[in-house]
1. Do any residues in region 332-354 that are closer than 16 Å to V51 by Cα and without any contact (Cβ under 8 Å) to a residue 24 or more places away in the chain have Cβ atoms under 7 Å from those of residues that are within 8 Å of the ligand (Cβ to nearest atom) and among the aromatic types (F, W, Y), where the two are at least six apart or on different chains, and which pairs are they?
2. When the residues of region 303-327 are filtered to those that are of a type in the set (A, V, I, L, M, F, W, C) and more than 16 Å from the ligand (Cβ to nearest atom), which remaining residue is farthest from V275 (Cα to Cα)?
3. Yes or no: L294 at pLDDT 95 or above, surrounded by 15 or more Cβ atoms within 10 Å (Cβ to Cβ) and in contact with a Phe, Trp or Tyr (Cβ under 9 Å, 6 or more places away or on another chain)?
4. Determine whether region 328-338 contains at least one residue that is touching a His at 6+ places or on another chain (Cβ under 7 Å), within 22 Å of P182 (Cα to Cα) and of a type in the set (A, V, I, L, M, F, W, C).
5. Could you list all residues from region 1-23 that are in contact with a Pro (Cβ under 6 Å, 6 or more places away or on another chain) and either modelled with pLDDT of 90 or more or among the aliphatic types (A, V, I, L, M) (or both)?
6. Picking from T34, T38, T64, which residue would you name as being in contact with a Lys or Arg (Cβ under 6 Å, 6 or more places away or on another chain) and over 30 Å from E347 (Cβ atoms)?
7. Which one of these does P215 not meet: (1) in a helix (DSSP H, G or I); (2) surrounded by 15 or more Cβ atoms within 10 Å (Cβ to Cβ)?
8. Within region 273-285, identify whether any single residue is more than 10 Å from the ligand (Cβ to nearest atom), farther than 24 Å from I42 by Cβ, out of contact with any Asp or Glu (no Cβ under 8 Å at 6 or more places or on another chain) and among the β-branched types (V, I, T), and answer yes or no.
Amino acid sequence: MRPRLREVRLKYLDEYRSAPAVRNLAKELKRLVTRPWTIMEICGGQTHAIVKFGLDELLPEQLTLLHGPGCPVCVTPIELIDQALAIAARPETTFCSFGDMLRVPGTERDLLSVKAAGGDVRMVYTPLDAVKLARQLPDRQVVFFAVGFETTAPASALAVVQARELGLKNFSLLVAHVLVPPAIEALLSSPDCRVQGFLAAGHVCAVMGYEEYKPLAARFRMPIVVTGFEPLDILQGLGMCVRQLEAGRAEAENQYSRAVRPQGNPTARELLRRVFCPVARKWRGLGEIPQSGLGLREEFKAFDAGLRFGVTEMRAAESSECISGLVLSGLKKPHACAAFGTRCTPERPLGAPMVSSEGACAAYYRYRKGKFLRHDQIT
Ligand code: SF4
């Protein structure tokens, strides 16, 4: 019997990638769609799944997918990367970062170049590794580059709490955390916005819940469906979104109920609330968005690397060649960039979306370069 969108109940990861089930859900989507609709998936993880599994190529012609700004590495503005580079180049610092950030170009170089020039730059898997390093290296200033959405911010908050409890004076965070709902609001408030429905990021909502999406859905008359990352998740999320659009409804719904509760993870949320407060933050391509970032609360300001190293006033201009702003706001697809696959490749990236494992340009290069580049252009 065919699985219908609302009947998908699976247990093992493989089942979420079952080709017959994917084909059946795609067919059902074709039956559901009667008019043109444009839906944006927020998260870069979803973008990669869509491109990797070719889900967009299975959709009805009237259904257009746009890729959103949900890649935290990609939206980190170049001036914050320059601030990270300035701190990392100091002789007294040990600069720690997730791997994705190491190759993101700043104005003149990246963190790996600083390392090659003798800087102590290290890749870590969690900010708690950086706290451990600060204990092991009391004569060094250990700095963690805190990049990410609501998913990774609780671990940064925990690191600061731990560092304070341990009395560490040589640990700090360069905070670049960003929040999803203000970015959705900014996109929807733009006169260029073509989006009619959103797939929200399941992992962000596993932490934050999805109550805060309800007023957004109501205010902008916009279906928002919290969605997972496997092919069946994404097709089911699209189906739920299309059902709403076809019926003229605009609600926040939850496709990813196996991981997301309405209230999210209360412990992680409380940790975030205790350590961080919302601040204005500049997003690459979207500009400054009020209340869209996390900053350390007054009582934790001693752990602010930007203040400790006096780099908060550094400013930088984005590359004129890289159109990542248009890509991140869903106005252009990566292959519309003149530099795609030629002057910009994963080995020699011009912009963050070509570096990050969640970047749309990296996804198109990895899975679609044969479609968009001539044979002699592919490296
Ligand atoms: S292909 Fe490269 S230069 Fe073009 S938008 Fe993407 S990251 Fe920027």
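1. If the second residue must be within 8 Å of the ligand (Cβ to nearest atom) and among the aromatic types (F, W, Y), the pairs left are M354/Y365.
2. My answer is M314.
3. Criteria met by L294.
4. No, every residue in region 328-338 fails to be touching a His at 6+ places or on another chain (Cβ under 7 Å), within 22 Å of P182 (Cα to Cα) and of a type in the set (A, V, I, L, M, F, W, C).
5. A21, V22, listed by residue number.
6. Of the residues listed, the single one that is in contact with a Lys or Arg (Cβ under 6 Å, 6 or more places away or on another chain) and over 30 Å from E347 (Cβ atoms) is T38.
7. (2)
8. Looking through region 273-285, at least one residue is more than 10 Å from the ligand (Cβ to nearest atom), farther than 24 Å from I42 by Cβ, out of contact with any Asp or Glu (no Cβ under 8 Å at 6 or more places or on another chain) and among the β-branched types (V, I, T).
The values are calculated or read from the model by the stated rules, or taken from the named source; none is laboratory data. Predicted model only: the values in this text are computed from it and were never measured. Every residue, glycine among them, receives a Cβ derived from its backbone with ideal geometry; neighbour counts consider all protein chains shown.
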